[in-house]
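Bear in mind that the values in this text are calculations on the coordinates, not laboratory data. Not measured: the values here are computed from a predicted model. Here Cβ is always computed from backbone atoms with ideal geometry, including for glycine, and neighbour counts include all displayed protein chains.
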């Protein structure tokens with residue numbers, strides 16, 4: 001028991017040291033930024049037609065600066081892995097959510113799923129996209145958790161893990177395929193740019209939504225055997 005406590009204490013101090021180092025590095029990077037930068041507005045305006053998206057924000061996040069979004073997906077996944085490494089999910093409460101919250105969840109969860117799908121689809125030409133759709137989908141998951149729903153054995157095992165890495169995996173897979181065909185990483189061919197962006201955003205929406213709900217759960221879901 002003493003060795004286990006010592007290992008846990010060492011792990012926590014190591015985690016604090018790494019996070020402190022990361023905070024110092026991020027602080028230095030922010031303070032080193034130039035006060036005036038030209039920005040991407042002129043470049044985006046000139047190349048919006050070949051980007052695969054008519055919305056400039058989507059064009060920047062999924063095409064011109066796709067590396068940033070790729071890393072953001074990685075950071076979100078690492079955050080969840082960090083939460084899962086600390087503890088398992090708390091036991092489900094037996095208390096009833098009440099008729100109001102129960103009815104609210106039945107009305108809002110389907111609506112939130114529809115809104116998430118709309119935000120995903122409209123993101124190529126208007127404000128929206130994977131992160132907005134994923135946040136709405138995550139809100140639907142949080143609402144389900146509040147009324148007492150928990151993922152069963154068939155959802156908390158391999159299917160859950162595949163869904164969590166789907167967004168990052170789609171990014172990496174598309175990038176590798178583009179390299180194999182002689183292009184640069186995330187350099188989409190103009191005729192296929194819109195389809196590739198939609199593919200990546202669809203996978204990212206599911207991953208972001210499930211990840212946010214899993215973070216709200218507060219721990220690693222246990223794989224309980226089916227009854």
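Highest mean packing comes first when the peptides 199-205, 160-166 are listed by Cβ atoms within 10 Å, giving 199-205, 160-166. The angle between the Cα long axis of helix 2-31 and the longest principal axis of the Cα atoms of the chain comes to about 30 degrees, rounded to the nearest 10. With neighbours defined as other Cβ atoms within 10 Å of a residue's Cβ, the residues 208, 179 order from fewest to most as 179, 208. Can you give me the angle between helix 193-217 and the longest principal axis of the chain, using Cα atoms only, in degrees from 0 to 90, rounded to the nearest 10? For helix 193-217, the angle is close to 20 degrees.
Averaging the Cα positions of each part gives two centres, and for region 31-54 and region 93-122 these lie 37 Å apart. What angle do you read, to the nearest 10 degrees and between 0 and 90, between the alpha-carbon axis of helix 158-180 and the longest principal axis of the chain? Rounded to the nearest ten degrees, it is 20. Ordering of 182-195, 9-22, 63-76, 136-149 by packing is 136-149, 63-76, 182-195, 9-22, highest average first (other Cβ atoms within 10 Å, averaged per residue). From helices alone, the chain scores -23000 deg cm²/dmol at 222 nm; the rule is -39500 (n - 2.57) for each run of n ≥ 4 DSSP H residues, then divide by the residue total. In this simple spin-label model, placing a label point 7 Å from the Cα along the Cα-to-Cβ direction at both residue 35 and residue 172 gives a separation of 4.3 nm. Exposure proxy for 28, 118: other Cβ atoms within 10 Å of each Cβ, ordered fewest to most, give 28, 118.
Taking a point 7 Å out from the Cα of residue 155 in the direction of its Cβ, the residues of region 193-209 whose backbone N falls within less than 16 Å of it are 206-209. For the chain, the spread of Cα coordinates along the three principal axes comes to 59, 46, 37 Å, biggest extent given first. For the peptides 29-39, 45-55, residues were scored by their other Cβ atoms within 10 Å and the scores averaged per peptide; the highest-first order is 45-55, 29-39.
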